[in-house]
Every structure is written in structure tokens, then in C-alpha cells.
Amino acid sequence: MESNNRGQWKSNFGFLMAAIGSAVGLGNIWGFPFKMGSNGGFAFLLVYIVMAALVGFTIMLGEFGLGRRTGKSSIATYRILSKRFKWLGWPGFISAFLILSFYCVLGGYCIKYVVVNVSELFGAGYGGGGAIFGELTGNMTESLVYTLIFVILNAVIVMGGISGGIERFSKVAMPALFVMLIIIIIRSVTLDGALEGVAFMFKPNFEPFRENFLGVVAKAGGQMFFSLSIGVGTMLTYGSYLRKEENLEKNCVLIVIADTIVALMAGLAVIPASFAMGGADAAMAGPGLLFITLQDVFRSMGAVGPVFGTIFYLLVVIAAVTSSISIIEIITTFYLDNAEMKGKTANRRKVTVITCVVVMALASIVAVDGMGGNGIWIPFQNSLGVIGSFNDCWIDFMDFWAEGIFMPLSAMFMCIFIGYEFGVDKFGEELELCGNRFASRGFFRICCKVIAPAAMVLIFLGQIDSIFALHIFG
Ligand code: PHE
């Protein structure tokens, strides 16, 4: 009998869909295409794949193994397993709130775009992407309402529990997302002028390496670890709900591959369409790509535009929800396990609601800020010389602490913990339960002890470099 409503994944397929759902998010669909666009195209892709194989795989497997070993939340796991790294669950736990504070706002924006496109199906008439986005971010009430809708959607799923909520939703949502993405890709690459965009993505070009090798490595690495949901405790938490007979290594390989494929598919959906619309500049439009350029692409398609627009933004909402529920689950699981360890019984519904209220409170700041356009006070803005450049809006501020500081550091210390305190062989025992093999043991050992920590230092410096515009990497 499971105590404290802890529950378990019902099937390995369900777990896989939930974990891939966590990995596949705004990072893939929004971040990957524009970062690849502005950081060397093919060269970026190459580094990304190498980093995912060496570093992403190692850290994800580390999280799964630790989580399943204790069967507990990330905070409890390090408390149980380590002397020197007892605190190691906390940076991720704090990052969870920080990421959610802007993720829920962006998720809310995506819901707004679904509404815009569905309304257009009924002939409501819509303006250009720039106008829609400007109006949305400038309207505090509207931004708050859409953020709230997104948070409620998350709460409903997480309240349902691991198998009854998260697994049940992901099992339907992820295959649906895949099909929708294929429909959008077919439309995108068959637009006039789209093939130039495809060539941009896949034509070998090593020039960016010669210009700025470390810069490309740091940027691709940063994107890789956010995209794989590592360094926060998500995968550790999801691993804690997995049955002992499931093969962690195989699951991990599948998740890393699936996440990379979806990032590439998202690139194919977004980059060629943007090329067709406005050439290379449009494809490198940065953060505006998703909410401005693409909306204009759909608008230019005439009558079928809102059909594709609805499909596209709906798939982005699904991608965002399956990621944000995994972050909320870090927090929920912590409170459930904490209560259990104190001999009390916590109620998942209540814990989820309280978590979501706190998340909504934080997200409200980001929503009201409207990407810095509404004149809200922003900490450190322009007040500390060079530091002023890192946060032009609240999203940047929240993201700085999470992606810039806490996530790379906690991923690095986790490797050091497994490699030097806990021990790779003891870690391997968890992977070899129920007759499974730890085929990548030697590879894992080198990556965990040397390559991944070194890469995390580089990524950390890369984040600091780009945030503070220090130009260490050019
Ligand atoms: N991987 C998600 C994305 O690509 C974001 C995420 C980060 C989810 C960390 C969970 C934990 O958008």
C-alpha cells in the first residue's frame, strides 16, 4: 500500500511520455530554433548533439538513479545519501519556483494565441503578430488572466497524481503533439522559399567554430541542459516514482534522443517558414520569433492560416504544460515526502493548490511586467553598471538565477557527488537491479567525474558571459 498518495508510474511507456513531455517544452520549440539561428546553424547543432550525448545523458541518468534509489524528493534524496552535499536539493527547488514564474506567463501567452486563431476561424479578424503581442503584454489584466488559466490547467493535472494525472495526460498529449508537429512541418517546408531555411539548418558550415569555438560550445551547452530538464530535480523526482525493474539507462537514451529530434522538428517547423516569410533576418528574430514572426506566417496563408495557427499554438501549449507540471511535481513531491518522514499524511490536492497559489503570485510579477514594457520596477536594472544589462525585464531576472546560476551549479555538484563521494559503482547497483545491465558504466564514469563537471563550468561561464555581456567568448 502506497502511503501519502505517493503512487507510481503505471507503465514504462507512461513514464517515458511524461519524461519526454518534461524535456520537450518552450526550450525546444521557442529557444532551440532561434538560438540555432543566431549561433551558427549547423555548427551549433553539432555541438548540441555531442553535449547531449556526453553531458546531458550523464546528468539525466545520474538524476534518475539517485531518485529511484531513495524513492524520495530531490531534497530528501541528498539529505539521505550525502554528508557533504546534504543541501544539494535546494538550488533546484528554488529554481523550480523561478522557472515556473515565467514559464506560466509564456504558457499563458500561448493560450492567448490559440484563442486568437480559433476566433479567426469564426471570422473575428486579427491584426499582425506584433500588434497582438504588444497589446497582450501591455494589458496587465489580460496577461494575468491567461497566466491564471495556464496555472489552473497545471494544478488540475498535478492534483490527479502521478499515474492518474501526469501519466494519463502525457500519454495522450505527447503523441498528439508529435502528429501536430508533423502537420506543421509539412506546411512549413512546402512554402515558397522555405528550402533555403532547410539548407541553413543542415548545410555543413564550420566557420562559426573558427570564429568563436568556446562561445558556440557554451551556448549550445546551455540550451542542452535547459532543454533536457536537468539540474532542477525534475528527472530525479520522476525517477523516484519508477519501478525497480525498469531499465534506467535505456529510458535515458530514448529521452535524450526524442528531445533532440523534437528540437530539430521544431526547427523545421519554424525556421523554413520564417525564411519563406522574411528571409534569414526573420528566422533570427530572437524571442519575437514565436509570438510575432510565426503569427505573421500564419496570417499570410490566407483562409487556412488560422487552422495551422490553431494547431501550432495548441501544440506549444501542450509542450509547455507537460514541462511545467514536471516542475510543479518537484515541489509537490517534496511536501508529500516531507510530511511522510515526519510521520504525517499530506494531501496531494491541498499541497498542489498551495504550490500553485505561490507560483501564481510569483508569475503575477512577470505577467504584470509584460516583458519589461510596463514601467514596473525591476531589481538591479541599470543600477550596477554592467550588471544593468542582464535584466531588462523580470523574466531575465528570474531566468538569471535559475538557468544562469543554480541549475548549472547543482548539475555540476551532482556529478561531483556521484563521482567522488557516493561512487559510480554504488550508483551502478541501482541500475543493475532486477537483472538489468549498466552497459555504459565506463563511459558514465569518465563523463561523470571529468567531462560533465568541466562542461558545466564552461556552460556556467558561458551563461555569465552572455548575461553580463562580458565577451569572454567573443
Ligand atoms: N525542458 C523544458 C523545456 O525545454 C524546460 C524545463 C526545464 C522543464 C527544467 C523542467 C525542468 O522547455
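Some notes on this structure:
- Residues that are open to solvent by less than 70 Å² (accessible area, probe 1.4 Å), of a type in the set (S, T, N, Q) and more than 23 Å from Phe178 (Cβ to Cβ) number at least 1 in the following helices (runs of 4 or more DSSP H) confined to region 291-384: 305-341, 348-369.
- Screening region 216-233 for residues that are part of a helix (DSSP H, G or I) and under 20 Å from Gly67 (Cβ atoms) and picking the one that is farthest from the ligand (Cβ to nearest atom) gives Phe225.
- Options Ile325, Ile378, Ile331, Ile365: the member that is touching a residue at least 60 places away in the same chain (Cβ under 8 Å) and farther than 15 Å from Val158 by Cα: Ile365
- Qualifying positions in region 190-206 - more than 21 Å from Ala258 (Cα to Cα) and open to solvent by less than 80 Å² (accessible area, probe 1.4 Å): Leu191, Gly193, Ala194, Gly197, Ala199, Phe200, Asn205
- Helices (runs of 4 or more DSSP H) wholly inside region 44-159 that include at least 3 residues being within 16 Å of the ligand (Cβ to nearest atom) and within 24 Å of Gly370 (Cβ to Cβ): 90-121, 140-159
- For first residues located in region 238-262 and more than 27 Å from Gln223 (Cβ to Cβ), partners that are hydroxyl-bearing (Ser, Thr, Tyr) and open to solvent by less than 10 Å² (accessible area, probe 1.4 Å) and lie 6+ apart or on another chain with Cβ distances below 9 Å form the pairs Tyr241/Thr333.
- Qualifying residue in region 123-130 (condition: open to solvent by 40 Å² or more (accessible area, probe 1.4 Å), of a type in the set (A, V, I, L, M, F, W, C) and over 20 Å from Tyr238 (Cα atoms)): yes
- Being at pLDDT 95 or above and either among the charged types (D, E, K, R) or more than 15 Å from the ligand (Cβ to nearest atom) (or both) holds for only one residue in Glu211, Glu249, Glu207, and it is Glu249.
- Region 76-102 residues that are among the aromatic types (Phe, Trp, Tyr), paired with ones that are not in a helix (DSSP H, G or I) (beta carbon under 7 Å, 6 or more apart): Tyr78/Phe85; Phe93/Gly233
- Residue match in region 57-75 (condition: among the aliphatic types (A, V, I, L, M), open to solvent by 10 Å² or more (accessible area, probe 1.4 Å) and touching a residue at least 40 places away in the same chain (Cβ under 8 Å)): no
- Filter result (more than 11 Å from the ligand (Cβ to nearest atom), in contact with a helix residue (DSSP H, G or I) (Cβ under 6 Å, 6 or more places away or on another chain), in a helix (DSSP H, G or I) and not small (Gly, Ala, Ser)) within region 19-43: Pro33, Phe34, Lys35, Met36
- Within region 448-467, the presence of at least one residue that is open to solvent by 60 Å² or more (accessible area, probe 1.4 Å) and either farther than 22 Å from Arg84 by Cα or not in a helix (DSSP H, G or I) (or both) is confirmed.
The values are calculated or read from the model by the stated rules, or taken from the named source; none is laboratory data. None of these values were measured; they are calculated from a predicted model. Don't worry about glycine lacking a Cβ; one is built from the backbone with ideal geometry, like all the others, and counts go over all protein chains shown. Heavy atoms of the whole protein, side chains included, go into the accessibility calculation; ligands, DNA and RNA do not. Shrake-Rupley method; radii C 1.70, N 1.55, O 1.52, S 1.80 Å.
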